[in-house]
Amino acid sequence: MTRSEQLFERAVKVLPGGVNSPVRAFRAVGGKPRFIVKGLGSHILDEDGLEYIDYVGSWGPMVLGHSHPDILKAVYDRMVNGLSFGAPTALEVEMAEKIVSMVPNIEMVRMVNSGTEAVMSALRLARGATGRDKIIKFEGCYHGHSDAMLVGAGSGALTQGEPDSKGVTKGAARDTLMAQYNDLASVECLLDANPGEVAAVIVEPVAANMGVVPPKDGFLQGLRNLCDKYGALLIFDEVITGFRLAAGGAQEYFGVRADLVTFGKIIGGGMPVGAYAGSRSLMEQVAPCGSVYQAGTLSGNPVAMAAGLAQLQILTDHPEIYTVMETSAQYLTNHLRMSAEKHGVNMRVNQVGSLLCPYFTDTPVDCFTAAKTSDTEKYAKYFNQMLLRGVYLAPSQFEAMFVSSAHTQKDLQFTAQAAEESLAVL
């Protein structure tokens with residue numbers, strides 16, 4: 001029995017499913033999870049000494065790879081002075097100033113501890129600012145595990161959401177309405193059917209929790225126009241796309257203005273952190289300035305701020321990183337498509353910037369319904385073949401591959417060869 005298998009046997013006795021987040025359990029792909037002991041650059045090492053090229057990257061924040069020396073130095077230098085104070089530090093101010101300087105259309109930031117908390121707080125602010133209760137989200141878009149966001153699709157675009165998890169009350173889900181990603185008509189139908197009741201439309205600018213689904217031309221601008229027309233706020237959930245697609249996130253990348261933006265662990269260099277941001281007039285409605293309450297003892301943790309500042313500074317100083325990552329992702333995308341065609345495997349590969357995802361389907365994937373046509377059993381076989389060859393992918397069809405600036409040409413060539421061999425087996 002391997003060391004990872006031994007650890008998993010122990011874990012299932014004390015952790016639900018043996019993990020602290022469901023997708024880590026490998027249930028969608030079979031087998032047992034690998035327990036990771038170290039990461040360096042584009043590679044990770046498990047408890048059995050096996051090395052993998054990593055395309056999970058802690059689910060996105062490792063844009064510079066693991067254990068970047070500048071980030072580690074910032075953490076070491078900060079932590080010797082204390083880990084947490086529950087009081088203001090200069091680093092919080094510097095982080096907020098840095099984010100405001102990088103991201104278009106925001107003036108103030110509130111630090112929190114996770115992407116889930118950022119979204120939950122932004123939704124509360126949207127409701128408080130508009131005096132409205134209802135939120136429109138999109139089927140297949142994930143915005144954390146707060147009650148109002150754990151809602152499955154109804155029987156049509158006009159149907160209110162039903163809870164998608166036990167423990168979520170119908171009351172909590174009642175005001176969450178479901179639309180179809182890339183379908184502006186479904187959004188307008190909901191706005192028409194709920195006049196003066198919708199506080200906000202929340203969207204992943206690139207839907208990266210059903211794989212990778214890019215917005216169609218005009219979709220995001222169309223949402224902006226609809227929100228303006230109906231008096232709702234537009235929230236970009238940039239927990240994945242923020243500072244990854246571009247230094248200014250999706251607002252810069254797509255040239256579309258959002259009212260509120262949420263960020264996740266990428267602004268902590270991989271440490272637990274999140275934030276929400278917007279105009280001064282909106283953000284000053286948050287306590288202690290205004291009556292929308294939100295608080296957190298560890299918000300703006302100095303060690304997380306130090307790590308995040310180091311990462312954001314590197315991205316600011318070296319904008320060419322974005323071109324490097326996108327070029328690398330395009331290389332993989334091209335090779336996956338060529339290998340799939342060579343071996344007669346039905347595959348669609350979506351790519352936006354440094355995000356990509358292969359789907360085992362012949363259907364163009366532009367929404368959640370299309371994403372669900374992918375053969376998940378085939379993906380599981382592909383995942384395990386890649387793992388055997390030393391390539392670590394997300395253990396779920398409906399997750400992205402994250403390319404970092406640390407992935408070398410050698411890594412990419414190795415991955416392309418591993419993919420061709422794995423697809424040949426399928």
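In Å, what is the Rg of the alpha-carbon atoms in the range 1-86, and how long is Dmax?
That works out to 15.6, 44 Å for Rg and Dmax.
Expressed in nm to one decimal, what extension gain is obtained for the pair residue 147 and residue 101 from 0.36 nm per residue of sequence separation less their Cα-Cα distance?
Here the segment from residue 147 to residue 101 would lengthen by 13.3 nm.
I'm checking a number: the convex hull volume of the Cα atoms of the range 193-307, normalised per residue, in Å³. What is it?
Enclosed volume per residue, from the Cα hull, is 135 Å³.
Given a Förster radius of 25 Å and the C-beta distance between residue 197 and residue 291 as r, what FRET efficiency does 1/(1 + (r/R0)^6) yield to the nearest 0.05?
0.75
Treating only the Cα positions of the range 293-335 as identical point scatterers, give the base-10 log of I(q)/I(0) from the Debye formula at each q in 0.17, 0.27, 0.32 Å⁻¹.
Calculated log10 I(q)/I(0) at the listed q: -0.66, -0.89, -1.00.
Considering only the chain, what is the antiparallel percent among its DSSP beta bridges, to the nearest 5?
Restricted to the chain, the bridges split so that about 60 percent are antiparallel.
What spacing in nm lies between the two simple spin-label points modelled at residue 87 and residue 51, each 7 Å away from Cα in the Cβ direction?
That separation, rounded to one decimal, is 4.6 nm.
Can you tell me what share of the DSSP beta bridges in the range 232-291 is antiparallel? A percent to the nearest 5 is fine.
Looking only at bridges with both residues in the range 232-291, the antiparallel portion is about 50 percent.
Given the whole protein assembly as supplied and a 1.4 Å probe, what does the accessible area of residue 280 come to in Å², nearest 10?
110 Å²
I'd like the projected area of the range 250-356, averaged over all directions, using the convex hull of its alpha carbons. Report it in nm² with one decimal.
That works out to 9.7 nm², a quarter of the Cα hull's surface.
Label points 7 Å out from Cα along the Cβ direction at residue 14 and residue 225: separation in nm?
Label at residue 14, label at residue 225, 5.7 nm between them.
What ranking, highest mean first, results for peptides 114-124, 201-211 when packing means the other Cβ atoms within 10 Å averaged over each residue?
201-211, 114-124
Take the Cα of residue 330, step 7 Å along the line toward its Cβ, and report every residue of the range 62-76 whose backbone nitrogen sits under 14 Å from that point.
No residues fall inside that zone.
What three numbers, in Å, describe the spread of the alpha carbons of the range 174-257 along their principal axes, ordered from the longest?
Over the range 174-257, Cα extents along the principal axes are 36, 24, 22 Å.
For the range 276-426, what Kirkwood radius comes out of the mean inverse Cα-Cα distance, in Å?
About 18.2 Å, per the Kirkwood formula over Cα pairs.
Filter the cross-link list 32/378; 134/216; 170/265 down to pairs whose alpha-carbon distance in this structure exceeds 21 Å.
Beyond 21 Å between Cα atoms: 134/216; 170/265.
Ratio of alpha-carbon Rg to the 2.2 N^0.38 Å globular estimate for the chain, to two decimals, please.
For the chain, the normalised Cα radius of gyration is 0.96.
So what's the range 1-150 giving for Rg/Rh, alpha carbon basis, Kirkwood Rh from the mean inverse pair distance?
1.02
The values are calculated or read from the model by the stated rules, or taken from the named source; none is laboratory data. All figures in this text were calculated on a predicted structure; none of them were measured in a lab. FYI the Cβ positions are ideal-geometry reconstructions off the backbone, even for glycines, and counts take in every protein chain you see. Side chains are part of the model used for accessible areas, which takes the heavy atoms of the whole protein and leaves out ligands, DNA and RNA. Shrake-Rupley method; radii C 1.70, N 1.55, O 1.52, S 1.80 Å.
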